[in-house]
Amino acid sequence: MLPASTQVLLFTQADVGGHALFRVVPVELSVRPGQGRLWTDVSRGNAFTLAWQDHARHLSAVGRARYALPWEQTDLHVSPRGRNVTLDGRSASLPLFVAWVALLAGLPLPSPFLGTGVALEAHGEKLAPAPREFLQGKLGVAQAYVKQVFPGAGKVAVFVPEGSGFDPVPLTALDVRPVPTLTKAVEAVLGLKPRAGGEGVGG
């Protein structure tokens, strides 16, 4: 299998002086021949918390259960494109999982591909509804990004957890598309369905 890579945009939140700051972090993902391991690039001051690494392993377990792809024959390499980025938490579940499946399946991601959503270990592939303020902040960043980088694109799809609260009125550049699970997100973005009879992970 030849090395393959793609860039995915992660929406992050930081607390700065008691205020929530949302931003977009470009991350390079690549799959290379290996043994199902996860490699994280900690150069340029970048870091990955243990919680983030455990979460990535959970996504791998969901993927192995649901898609007949070369999970065991490849390693995933994750490298933030910027400096001094710390990846923590699980809000990258949706974009990371979809991009990982796309790489293993040899399928292209749409450009731009936007999404955010948490899949907790206890709930397998189900996406947890996002708090309204939290999601609205991320969608606001996505709106600004699309208007700046893709000004002539019309409304760009952004995938979010089903059941999340948000105000669509100011999101003139976005087509917000709720999805209930990781595999439904993959199907919506890539058109790839999970294998029949695949067992869920953690419920």
task = Tell me which residues come under 5 Å, amide H to amide H, from Leu174 once H is placed; ignore anything under 5 positions away on its chain.
result = Val156
ask   = How large is the dipole of the range 5-189 about the Cα centre if only Lys and Arg carry +1 and Asp and Glu carry -1, each at its Cβ, rounded to the nearest 20 debye?
value = 240 debye
note = In the range 5-189, lysine pairs 8 or more places apart or on different chains with C-alpha atoms under 17 Å apart total 4
query = For Gly115, which sequence-distant residues (separation of 5 or more, or a different chain) have an amide H within less than 5 Å of its own amide H, given hydrogens modelled in the peptide plane?
reply = Phe159
request  = Identify, among Leu21, Ala144, Pro129, the residue whose Cα sits farthest towards the positive end of the charge dipole of the chain, taking +1 on the Cβ of Lys and Arg and -1 on the Cβ of Asp and Glu, with the dipole about the Cα centre.
outcome  = Ala144
Whole-number percent relative contact order across the range 48-131, with pairs defined as alpha carbons under 8 Å at least 6 apart = 32 percent
Calculated [θ] (222 nm, deg cm²/dmol) that DSSP helices of n ≥ 4 give over the chain, each run adding -39,500 (n - 2.57) = -9000 deg cm²/dmol
message = Could you work out the relative contact order of the range 5-189? I mean the mean sequence separation of Cα pairs under 8 Å and 6+ apart, divided by the number of residues, in percent.
response = 21 percent
key: Listed residues Lys184, Lys147, Lys138, most fluctuating in the chain (Gaussian network, C-alpha, under 10 Å)   = Lys147
task = Could you tell me what percent of the DSSP beta bridges with both partners in the range 5-189 are antiparallel, to the nearest 5?
result = 60 percent
remark   = Per DSSP, the loop-located trypsin sites (Lys or Arg not before Pro) within the range 34-92 having at most 16 other beta carbons within 10 Å are Arg37, Arg81, Arg83
note = The relative contact order of the range 84-143, taking Cα pairs under 8 Å that sit 6 or more residues apart, comes to a percentage of 31 percent
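We did not get these values from a lab; they are worked out from the coordinates using the rules stated. Not measured: the values here are computed from a predicted model. FYI the Cβ positions are ideal-geometry reconstructions off the backbone, even for glycines, and counts take in every protein chain you see.
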